[in-house]
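Here the structure is laid out as structure tokens; the discussion comes afterwards.
The values are calculated or read from the model by the stated rules, or taken from the named source; none is laboratory data. Computed from a prediction, not measured in an experiment: that's the story for all the values here. Here Cβ is always computed from backbone atoms with ideal geometry, including for glycine, and neighbour counts include all displayed protein chains. For accessibility, only protein heavy atoms count, side chains too; no ligands or nucleic acids. Shrake-Rupley method; radii C 1.70, N 1.55, O 1.52, S 1.80 Å.
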Amino acid sequence: MHEASIARAIIGSVCKVVAQSGLTRVSKVHLRVGKFTAVVPEALSFAFRYAAEGTPCENAALVIEEIPITFRCEDCQRDSSIEEANLVCPKCNSQRLRLLSGRELLIESVEAE
Amino acid sequence: MNPWKRSEGDMEIRVVERILAANESQAKENRELLSSHGVFAVNLMGTPGAGKTAILEATLKVLGGRGRAAVVEGDVATTFDSERLARLGVPIVQINTDRFGGECHLEANMIESALAEVPLSSIDLLFVENIGNLICPAEFDLGQHANVIVLDIMGGTDKPLKYPLMFHVSQALLINKIDVADNASADVGTVTENAHRANPSLACFPVSAKTGEGVEAWVEWLLQSAGSGVARR
């Protein structure tokens, strides 16, 4: 459900950017979405399609690059990538981890005419 | 069609902007406003029925004269919770998100409007009761100083594994209804262990809002956090 408000936030920012560039029709919006966020890409694409109606983003494609969860272990100093957010170093079982990626919620670029 | 290939005639504009930048900047303003009045704000989240309102009632009773509190009560609809809390004699501001499209979480702009009605100069603590939900509120900063989760021990011990983000972004966990669990101490141990997998520094408090057990320890944590003046998220 919150994907709807995230979709509206994307459309708001994108519309501002294209208006500043004197463009009127958006064809693609490129996003970077970390896997350690509360965003499900499919749900976001669905919400975006509806929220975009009647805006310059109507019919635009949302291209989502998913960013894996990676961290550095503060104990063994090694970097790891994990699928599930089980924040334990797979190499030494330490829980002293510094997250390197996975929390991204970014608009990367916009294609428009 | 290759989604990475640009269509003829289109212009590519690099943006690199946080999607929730507008919410985050409003949250920062809220936090600055609260801090400037010396108010420590708690964003209280949790599953529906975990006992968030009961925890607030118990907290306000145990807090007594040690802190002056106000409550911002978020619900999709109805004012039942506000009516319950009104009996405790603290200022309460109700937010119904159906006015904002029935959102499943509170956002910083809703708190901004609510703060206009909170007597900030005469309180020390602000409790914001978020919508009952373990997913959506995790992503929306409100301007709080601490995120606190309320879980119901009867609702299963695997919640921190299923919803790790909520636990990762929080500072404290209240494990409620320990008075009714058959196997309370074992379950509290499992929940705590699971919660620490998502966030090793999470402060965990087994409590019963009904009997008051454990509430003092949580209130002490709260007063210490508020007193340390460290703005945290």
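So which residues in the range A:1-15 are of a type outside the set (Val, Ile, Thr), at the interface with chain B (Cβ under 8 Å from one of its Cβ atoms) and buried (at least 18 other Cβ atoms within 10 Å of the Cβ)? Let's see the steps before the verdict.
The initial filter retains those residues of the range A:1-15 that are of a type outside the set (Val, Ile, Thr), namely A:1-5, A:7-9, A:12-13, A:15.
Filter again for at the interface with chain B (Cβ under 8 Å from one of its Cβ atoms), leaving A:1-2, A:4-5, A:9, A:12-13.
Across the range A:1-15, the qualifying residues are A:HIS2, A:ALA4, A:SER5, A:ALA9, A:SER13.
Each row is one residue, and each column tells you yes or no for (1) more than 30 Å from A:ILE69 (Cβ to Cβ); (2) open to solvent by 20 Å² or more (accessible area, probe 1.4 Å); (3) within 14 Å of chain A (Cβ to nearest Cβ).
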| position | (1), (2), (3) |
| --- | --- |
| B:VAL128 | no, no, no |
| B:LEU174 | no, no, no |
| B:LYS177 | yes, yes, no |
| B:ASP182 | yes, yes, no |
| B:SER185 | yes, yes, no |
| B:THR192 | no, yes, yes |
| B:LEU222 | yes, no, no |
| B:GLY227 | yes, yes, no |
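Test A:VAL18 against the criterion of being within 9 Å of chain B (Cβ to nearest Cβ), on the phi < 0 side of the Ramachandran plot, open to solvent by less than 20 Å² (accessible area, probe 1.4 Å) and β-branched (Val, Ile, Thr), and give yes or no. Step through it out loud before you land on a result.
Values: within 9 Å of chain B (Cβ to nearest Cβ): yes; on the phi < 0 side of the Ramachandran plot: yes; open to solvent by less than 20 Å² (accessible area, probe 1.4 Å): yes; β-branched (Val, Ile, Thr): yes.
Considered against the rule, which asks whether it is within 9 Å of chain B (Cβ to nearest Cβ), on the phi < 0 side of the Ramachandran plot, open to solvent by less than 20 Å² (accessible area, probe 1.4 Å) and β-branched (Val, Ile, Thr), A:VAL18 comes out as yes.
For A:LEU97, the criteria (1) in contact with a helix residue (DSSP H, G or I) (Cβ under 6 Å, 6 or more places away or on another chain); (2) open to solvent by 20 Å² or more (accessible area, probe 1.4 Å); (3) within 11 Å of chain B (Cβ to nearest Cβ) hold in every case but one, which is (1). Count of the range B:95-115 residues, restricted to those that are within 15 Å of the chain's Cα centre (by Cα) and either more than 10 Å from every other protein chain (Cβ to nearest Cβ) or not charged (D, E, K, R) (or both), is 7.
Taking the conditions exactly as written (surrounded by fewer than 20 Cβ atoms within 10 Å (Cβ to Cβ), within 11 Å of chain B (Cβ to nearest Cβ) and outside any strand (DSSP E or B)), does A:ASN86 satisfy them or not?
Values: surrounded by fewer than 20 Cβ atoms within 10 Å (Cβ to Cβ): yes; within 11 Å of chain B (Cβ to nearest Cβ): yes; outside any strand (DSSP E or B): yes.
Judged against the criteria, A:ASN86 is a match.
Of the strands (runs of 3 or more DSSP E) entirely within the range B:126-222, those holding at least 3 residues that are under 16 Å from the mean Cα position of the chain (by Cα) and either under 24 Å from B:VAL39 (Cβ atoms) or modelled with pLDDT under 95 (or both) occupy B:146-152, B:172-176.
Taking the criterion of being open to solvent by 30 Å² or more (accessible area, probe 1.4 Å), over 11 Å from the mean Cα position of the chain (by Cα) and either closer than 18 Å to A:ILE6 by Cβ or among the small types (Gly, Ala, Ser) (or both), the only residue of the range A:59-70 that qualifies is A:ALA61. Of the residues A:ARG49, A:ARG103, A:ARG72, the single one that is of a type outside the set (Ser, Thr, Tyr) and part of a strand (DSSP E or B) is A:ARG72.
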